[in-house]
Structure formats: structure tokens, C-alpha cells
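Chemist: Submitted below is the structure of interest, expressed as C-alpha cells.
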Amino acid sequence: MNIEPKFIPLHLQQSELIFCVYYEVFTTIEEAIAREKQLKRWNRAKKEMLINQINKEWKDLSPEILEW
């Protein structure tokens, strides 16, 4: 599936994002930044466990996000 994004935030442009398998929604930027800092401290196994709880097939969630 080839999805042409309408807008790619700068922090995602700098990484080589191929598809999105996990995301969270926050009401404030402060909450989002705090959560991002928390997740950055986690090891890969813990991050994979979090993804598997929400998206066991690791399917691309980009179409879901682009519908917002």
C-alpha cells in the first residue's frame, strides 16, 4: 500500500518512517512530550510489548491517522 501523506511533521521527516504501527493521542503537547520521553527510556522489548497489545499484526496505521 503506497500512501501519499498530506503533511509530514519535521520530527518524522528526520527519521526514516516507513509505516506507523503505534500511536497515542494527547490533549496537550506537554503530555505528548512527557510520554515520548518516557518511551525513549524503554528498551526495545518493552516497546514491542506495548505495540503488540494494541496492534498484534503490526499493520500500518497511517490510513487511520490520515483520516483525521
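Chemist: So how much slack lies between Lys56 and Tyr23, counting 0.36 nm per residue of separation and subtracting their Cα-Cα distance, in nm? Could the numbers behind the result be given before it?
Modeler: On the way: separation 33, 0.36 × 33 = 11.88 nm, distance 1.37 nm.
Value of the extension gain: 10.5 nm.
Chemist: Distance in nm between label sites at Ile65 and Asn43, each 7 Å beyond Cα in the beta-carbon direction?
Modeler: Going by the 7 Å Cα→Cβ label model, 2.7 nm.
No value in this document is a laboratory result; all are computed from the given coordinates. All values reported here derive from a predicted model rather than from experimental measurement. Counting neighbours? That spans all protein chains shown, and the Cβs are built from the backbone with ideal geometry, glycine included.
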